[in-house]
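Below: the structure, in structure tokens.
Read-outs: derived from the displayed coordinates by stated rules, not from any lab. Treat the numbers as computed from the prediction; the structure is a model and nothing was measured. Neighbour counts run over all protein chains shown; Cβ positions are idealised from the backbone, glycine included.
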Amino acid sequence: MSRTASRATWLALYAVAMGWLEAVVVVYLRAILGIAHGAGLPDTPEVMRRFAQSHMLLGVEQTREVATLIMIAAAAWLGAHRLASRFGGFLVIFGIWDISYYLALHILVGWPSSLFDMDLLFLLPTHPWWYQPIWVPVLISCGMIGLGLRLLAIDLSTGA
């Protein structure tokens with residue numbers, strides 16, 4: 001197995017594990033917010049209203065999102081030696097993590113039922129623009145994985 005394939009495999013395994021863990025956390029959040037098993041996500045104002053019922057829940061969730069990005073960046077940094085390949089690793093991890101997250105949620109709670117289901121993608125910063133059909137982040141994630149693998153392969157082929 002080439003160095004690029006080996007690194008990409010380990011980054012992918014990390015990303016899949018993160019995606020599963022993220023889905024587990026969201027299962028708990030859905031229960032706390034009163035979103036039934038298999039139910040779609042309410043619109044953004046309703047989600048924010050439910051978060052507001054617990055004075056600290058939104059802030060805690062936002063710190064979890066920051067921690068997730070730091071974890072992805074740290075793994076990418078450790079998985080490569082040059083800036084381009086580190087950025088490529090970040091893109092690969094982020095893309096696989098995001099797709100794995102949706103697959104894990106589907107396995108755990110039966111949601112999403114299709115790529116056209118709506119999701120609140122991020123709470124940092126809170127903005128209605130983040131409420132999109134799932135095909136949007138999945139398509140972006142596929143592009144991130146492709147570009148990330150290319151950056152990882154190009155940079156590693158130069159001898160890193």
Quiz item: Hey, in the GNM for the chain with a 10 angstrom Cα cutoff, which one of Gly34, Gly88, Gly19 fluctuates hardest?
Solution: Gly34
Quiz item: Under a GNM of the chain (C-alpha, springs under 10 Å), which listed residue has the highest mean-square fluctuation: His55, His81, His106?
Solution: His55
Quiz item: What ranking of Val136, Val27, Val66 emerges when the number of other C-beta atoms within 10 Å of each C-beta is taken as an exposure proxy, fewest first?
Solution: Val66, Val136, Val27
Quiz item: How high is the relative contact order of the range 3-156, in percent, counting Cα pairs under 8 Å that sit 6 or more residues apart?
Solution: 35 percent
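What length, rounded to one decimal in nm, is gained on full extension from Ala73 through to Met118, with 0.36 nm per residue of separation minus their alpha-carbon distance?
Details: separation 45, 0.36 × 45 = 16.20 nm, distance 2.70 nm.
Stretched fully, the Ala73-Met118 segment lengthens by 13.5 nm.
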